[in-house]
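Visitor: Dropping a structure here in structure tokens format, bear with me for questions.
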Amino acid sequence: MEIPKTYDPKQAEEHHYGRWEREGCFAPEVNGDPSAPVYSIAIPPPNVTGSLHMGHALQHTIMDVLTRYYRMKGFRTLWLPGTDHAGISTQIMVERQLKKEEGKTRHDVGREDFIGRVWKWKEQYGGEIQRQMRREGVSVDWSRERFTMDEHLSRAVREFFVRCYEEGLIYRGPGMINWCPKDQTALSDLEVDKESQAGKLYYLRYPVKGSDRRVTVATTRPETMLGDTAVAVSPVDERYADLVGMTLILPIVGREIPLVADEFVDPEFGTGAVKVTPAHDPADYAMGKRHGLAQVSVIDQHARMTAEAGAEYEGLDRYEARERVVQKFEESGLLEKVVDYEFSITKCERCGTVIEPLISTQWFLKQAELAREPLRLFRERREPRFVPENPYAKVYENWLAGLYDWTLSRQLWWGHRIPAWYDAGGNVYVARTEEDARRAAGADDLEQDPDVLDTWFSSALWPISTLGWPDEGSPDLKTFYPTSVLVTARDIIFLWVSRMMMTGMKFEGRKAFDDVFITGTIFDKHGQRMSKTKANGIDPLVVFDKYGVDATRLVLASIGSTDTRWNDNQVESYRNFANKIWNAARFCLMNSEGARVGGGFEGEPERWALHDRWIVSRLNKTAREVAAAVEAYQFHEAVYALYHFFWDDFCDWYIELSKSDVTAADAGPERDAARGRVLTVLEQALRLLHPFMPFITEELWQRLPGVGKESLHVAYREAGVTPTVMLAAFPRADESLVDERAEAEMRSVIELVSRVRNIRTELSVKPSEEVRLVIGTAGNGLGDLFTASLPQIKRLTRAADVSVRDSLAEVPRASARAVLAGGAEVAVPLEGLIDFEQERARIGRAREKQEKELQKVGGQLSNPQFVGRAPAEKVEELRQRAADLAGRIKALGEMLEALGE
RNA sequence: GCCCGCUUAGCUCAGUGGUAGAGCACACGCUUCACACGCGUGGGGUCGUAGGUUCAAGUCCUACAGCGGGCACCA
């Protein structure tokens, strides 16, 4: 069989995904066991305009490992994919295209035509991320793929809206919102970024009516003073106590405004007096409500000054107006001072424009009320469970506990149009359909609200709407809800986690997921967050091309929930690991004639050779460790266990120990059995690796002799799919095959081989040169052990001759020696190669090391406090160790003597 | 201001109160019949600082420092 020496990931990656998908391996229906437990995940829907970034790749890897693992365990498994419509991003993208290609705005073509174009754009370009996901190897059920603008999901959105409206949770009214002057829409608090910025703090003097006193206020936005309707001070501030209730004259404008007392004001800050602009600041808005202050809007939706700001300012940009206002204050001597000041500004998350807080009529959702049930569930039962618990459980709880109304409406065209209609008299009718609204209005000429809903409003329904809600008795909802886990990034806790919990609790009465796994953040190698503006992002597809998908997945799985600086070295090391797997399989396959997977381990394990009992024990322990690690979301532990089992145990030792049998010149049952054993262990290892490395494992598994339908998990045998490792049973740890004695004995053999190799290297014995070994067993039963493994020991130490004796008394003086655990010793006669002085120094160093260790252990043992208080088991352990050390030191001393002074 | 996390080998990171680990990097040797993306051998750490608890602390507690994050405030 011709197998290349180097693994080519591309070839395997292109080979299997299509077949898995075509044959329905990803769909839960492939499972024919009606009593199978269920495992389900709803993907956090990526943005339809987006392309894959490292964060997606990380999340998808985690989800795919879990999905493939539970599928191989026989669970009825569903991982449901899809995308959201990303209202603003998508609309902006299409608007830009329209401008570029036809020089038109969306208003030029009209709403209906524009939406048609967005759909067309979506059909043409929207599939990018889905193609990239196939490249990742994700085992999502594409037959259930959903899009938030699908007819069904749109119906779910209307249902959500109408029900909440009917219950009074959704209302329409004026409120203080974040307005983006560029995108011309309202935004929720989660769609804006706060940024620290160097600016100025202006101290303005406001005259007190009927007095020559003045009150100085400090502000970062002087232009808003045109809309001031009060000045506030702290009720406990004695400096202003006598002024409370008096009237001030607002400079420039001449408006009379009151001086009020409010708890909000911090007397320590600035002058202790705050100008109040209820129409342009969220805090002032609240204060205005408390004191019944007028709201004067001086800035419009384009961030220009309004007529109310005064004829002199009307139409000016807010920053121009600022300069003029400051100038005016200066001229009239009312500008006390200007100081440098760092403050934070709010910017639109998408376009970076400075947000203008203003009063606007919008639709709002009383989130705090929807959060009540999730909050109760969390406080009473700690559900859902966060992994890692710290700090995310607290972040979630704090968020739910501190919610305020969510601005739902967006002044966009692309999205779910608000199901509210108005009659000629301006009365509003909220309904599931226009027909319902007409019936309710008793009129035909209704106009639908022009606004659409926040994209996150539809994402909030994702776990239930994708499974069929609001349809009564939807079988998917019944089977797959609640989902098993939500895997996402930490900033999504507010956007998805909490809101999905709200809708799940409200409409299904149950949590949306059992667990929430929060992935770590991947930084660049300098520790900087990856971002488009910094252009320091690492493209996962480039990494796939360079190192292969499987290697990349292994790195991502190990990252799990840890914040990490990306490091290509790690991927390279796993690329090498993939190549190691490839070559181990290459060896097994090149020597597979006469053997099949499953053969070679016949009869009672007690009769097997040591290294066979050992590898089976290691295999079962590894299966146990990997399963435990995956189920506990400790993916790095699973990867570590797999890496070391495969490379160290299987390749470095088991294959080497089996080599002489496997490659024996004469064919025969013994050779074939040995071949069957390496194949069998390899096949089991491929299953263990499969959730992490789907492509290479499938590529190799397909080539193994003796795998077929019977290899599949019993739940998949009737499915009629091409036998595949992804539907094979994940190896269950058989504790009866875990053999501690075999492992201890193998440790002795490994130590012997390692000591001899060390001697060979240190004494510069040529690798090709054969040596002679004398093993002294001190009559403690190790003799049989070493004798039984003699052929293996000879091969691994490149020894022509090995003799096992009671002691090393008879060995030539010109020998290099080493001490082994359990009182055994080994000598390598090296006539002519030994420099006695050097050898004495070498052994002297070894003895010194042991003596130092013994001193430490002895010190502890001679401490009565330790012996008295530590568990007897620990004390005994240490005594054993001390005895072993003493034995070694004694033996090393004898060796020094034998070498002569 | 409040809360949280991190600080372990040159780098990236594991680490469960009981002998400090891995990968990469480094050094030396190797055309050993699966693999140089490899094989063998080795060097390298007062576990951020200072206290405390304990027979025993990288691990638990307190304080501090540096880095990072969240929330609040930011007139």
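Visitor: Could you size up the charge dipole of segment A:481-618 around its Cα centre, putting +1 on the beta carbon of Lys and Arg and -1 on that of Asp and Glu, and report it in debye to the nearest 20?
Guide: 500
Visitor: Oh, and also: Can you list the lysines whose alpha carbon sits under 19 Å from that of A:K394, skipping same-chain ones fewer than 8 residues off?
Guide: A:K511
Visitor: Working from the alpha-carbon coordinates of chain A, get Rg over Rh, Rh being the Kirkwood radius.
Guide: For chain A, the value is 1.11.
Visitor: Please give the helix A:610-631 orientation as an angle from the longest Cα principal axis of chain A, in degrees from 0 to 90, rounded to the nearest 10.
Guide: 10
Visitor: Can you sort A:T466, A:T271 from fewest to most other Cβ atoms within 10 Å of each residue's own Cβ?
Guide: Ranked by crowding around the Cβ, least crowded first: A:T271, A:T466.
Visitor: To continue, here is another question. When you count, for each residue, the other Cβ atoms within 10 Å and take the mean per peptide, how do A:849-859, A:214-224 rank with the highest first?
Guide: In descending order of packing, they fall as A:214-224, A:849-859.
Visitor: Rounded to the nearest 10 degrees, what's the angle between the helix A:740-762 long axis and the longest principal axis of chain A, both from Cα atoms, 0 to 90?
Guide: Helix A:740-762 and the main axis of chain A meet at about 80 degrees.
Visitor: Using the crude model of +1 on Lys and Arg Cβ and -1 on Asp and Glu Cβ, and no other charge, please compute the dipole size for chain A relative to its Cα centre, in debye to 20.
Guide: Approximately 1120 debye in magnitude.
Visitor: In segment A:1-136, with Lys and Arg counted as +1 and Asp and Glu as -1 at Cβ, which of these residues, A:F75, A:G32, A:H60, has the Cα nearest the positive end of the dipole, that is, farthest along it?
Guide: A:H60
Visitor: Cβ neighbours within 10 Å, averaged per peptide: list A:575-582, A:537-544 in order, most packed at the top.
Guide: Highest mean packing first, the order is A:575-582, A:537-544.
Visitor: Still on this structure: Compute the long axis of helix A:151-166 from its Cα atoms, compare it with the longest principal axis of the Cα atoms of chain A, and write down the angle in degrees, 0 to 90, nearest 10.
Guide: Approximately 50 degrees, to the nearest ten.
Visitor: Something else now. Give me log10 I(q)/I(0) at q = 0.22 Å⁻¹ for segment A:789-846, Debye formula, one equal scatterer per alpha-carbon, no solvent.
Guide: The calculated log intensity ratios at q = 0.22 Å⁻¹ are -1.04.
Visitor: Using unit Cβ charges (K, R positive; D, E negative) and no other charged atoms, how large, in debye to the nearest 20, is the dipole of segment A:740-795 about its Cα centre?
Guide: Approximately 220 debye in magnitude.
Visitor: A further question on this structure: Measure up A:K182/A:K275; A:K200/A:K328; A:K289/A:K337; A:K99/A:K534; A:K182/A:K366; A:K580/A:K766 against 22 Å on the Cα-Cα distance and list the ones that go over.
Guide: Over 22 Å apart, Cα to Cα: A:K182/A:K275; A:K289/A:K337; A:K99/A:K534; A:K182/A:K366; A:K580/A:K766.
Visitor: Sort A:753-766, A:486-499 by packing, meaning the average of other beta carbons within 10 Å per residue, with the highest value first.
Guide: A:486-499, A:753-766
Visitor: Here's a follow-up. Once phi is turned into θ = phi - 60°, what whole-Hz ³J(HN,Hα) does the Karplus curve with 6.51, -1.76 and 1.60 give for every residue of segment A:430-445, x standing for Gly and Pro?
Guide: Each residue of segment A:430-445 in turn: 9, 8, 6, 9, 5, 4, 4, 5, 4, 4, 5, 7, x, 8, 9, 8 Hz.
Visitor: What is the set of long-range amide H partners of A:R490 at a cut-off below 5 Å, with H atoms built 1.01 Å from backbone N?
Guide: Correct list: A:T519.
Visitor: Suppose a student asked you for the relative contact order of chain A, using Cα pairs under 8 Å spaced at least 6 residues apart; what percent would you report?
Guide: That works out to 13 percent.
Visitor: Follow-up. State the answer as a single residue: which of A:L830, A:L885, A:A841 lies farthest towards the positive end of the charge dipole of segment A:814-901, with beta carbon charges of +1 for Lys and Arg and -1 for Asp and Glu, about the Cα centre.
Guide: Of the listed residues, the answer is A:L885.
Visitor: What net charge do the residues around A:L820 carry, taking every other residue with its C-beta under 11 Å from that of A:L820, with Lys and Arg at +1 and Asp and Glu at -1?
Guide: In short, +1.
Visitor: What per residue convex hull volume, in Å³, comes out for segment A:68-225 when only alpha-carbon positions are used?
Guide: 288
Visitor: Can you give me the C-alpha center-to-center distance between segment A:723-758 and segment A:221-247, rounded to a whole angstrom?
Guide: For segment A:723-758 versus segment A:221-247, the Cα centre distance is 78 Å.
Visitor: How many percent of DSSP beta bridges within chain A run antiparallel, rounded to 5?
Guide: 70
Visitor: Using only the alpha carbons of segment A:741-823, what is the convex hull's orientation-averaged projected area in square nanometres?
Guide: Its average projected convex-hull area is 5.2 nm².
Visitor: Among A:L589, A:G310, A:A778, which residue has its Cα furthest toward the positive end of the charge dipole of chain A, with +1 on Lys/Arg Cβ and -1 on Asp/Glu Cβ?
Guide: Positive-end residue among those listed: A:A778.
Visitor: How compact and how long is segment A:652-713, expressed as Rg and Dmax of its alpha-carbon atoms in Å?
Guide: So, for segment A:652-713, Rg and Dmax equal 13.2, 38 Å respectively.
Read-outs throughout are calculated quantities, based only on the coordinates presented, and are distinct from any laboratory measurement. Since the structure is predicted, the reported quantities are computational estimates derived from the model, not experimental observations. Every residue, glycine as well, gets a Cβ built from its backbone with ideal geometry; the counts of neighbours run over all protein chains shown.
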